[in-house]
1. So for the stretch 106-164, Kirkwood radius off the Cα pairs, Stokes-Einstein at 37 °C and 0.692 mPa s: how many µm² s⁻¹?
2. Give me the mean projected area, in nm² to one decimal, of the convex hull enclosing the Cα positions of the chain.
3. Simple spin-label model, 7 Å along Cα-to-Cβ: residue 95 to residue 200 in nm?
4. Find out how many positive minus negative residues lie around residue 168, taking Lys and Arg as positive, Asp and Glu as negative, among other residues whose Cβ is under 13 Å from that of residue 168.
5. For the chain, what does the relative contact order come out to in percent, with C-alpha contacts under 8 Å and a separation of six or more?
6. Any idea what the relative contact order of the stretch 114-206 is, in percent, if you count C-alpha pairs under 8 Å spaced at least 6 apart?
7. For the stretch 43-120, would you read off the P(r) tail past 19 Å as a percentage of all alpha carbon pairs?
8. Dividing the alpha-carbon Rg of the stretch 114-206 by 2.2 N^0.38 Å yields what?
Amino acid sequence: MKRVFTTLLLALVLAGFNVFSVLAEVNWTVLTEELPPYHYTSDGSVRGAATDILLEMVREKGLEIKREDIQSLPWPRAYQLALDTPGAILYSMARTKDREPLFEWVGPITDITTGLIGLKKSNIQILTTDDLKKHKIGTIRDSAAEHLLQQVGVPVVQLDRIVCAKSNIRKLESGRIDLFAYNVLGARFVMKQLGMNPENYETVYTFKSQPLYFAFHKDTDKQLIDELNTTLQEMKKPDSTGGSTVLRILNSYFD
């Protein structure tokens, strides 16, 4: 059966049939969350570095995906939809061991550093993982940061689990939580959006940096996944100016 399919596919290609023209007709469901500056909602549409990289990558492959097609949802809902919906794309996601068999992966996009952010005036010091258990920590429910905390033994009862970074930063400012587990650059970005001074805060503990990926539904065509990975790597290659498409997009969001 595999040989018959391969022969048929080859015949179609030789006949001038464009495999990707069929893939372009897939009913794509593009999902993300608020994770600035990588992806966030501004003036009713989803912006951000990873968003722009995704749109440029799929444009190169001729896939019919537009900015207005992207849905920004709370992470738990977006994650479940990505598992259940053929044609789903979820970004950006850490490629963990437990998630590996659940999706097809394109990336990495870039690295992200997750840390614990606190008020400087609180003078919180985290010298060992046991120190983490002394503080109330705000998290985004089911996020990679939350999983990292649980992996080092922080009990769930110590976590203030919600779905909005802005709410957690406001709680941090008012003293309702001691620390906020989030991507370090993103926390500064949200603080500026809220009119807060990021210099009043500090990263008191840093987890290892993790690469971010685009996660496609597990039934997505494997050839397409290979082609998208190739396209993304081409977008990362330096051009005559010494920069690259990916680097220019990233630099446009990071100051």
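1. Here the translational diffusion coefficient equals 257 µm²/s.
2. 16.3 nm²
3. 4.0 nm
4. Combined, the nearby Lys, Arg, Asp and Glu give +2.
5. Here the relative contact order equals 27 percent.
6. So the answer I get is 48 percent.
7. Distances greater than 19 Å cover 47 percent of the Cα pairs.
8. Dividing the Cα Rg of the stretch 114-206 by 2.2 N^0.38 Å gives 0.96.
Any read-out appearing in this document is the output of simple, stated calculations on the displayed coordinates, not a laboratory observation. Just so it is clear, the structure is predicted and the values come from calculations on it, not from any experiment. Backbone-built Cβ (ideal geometry, glycine too); neighbour counts: all protein chains shown.
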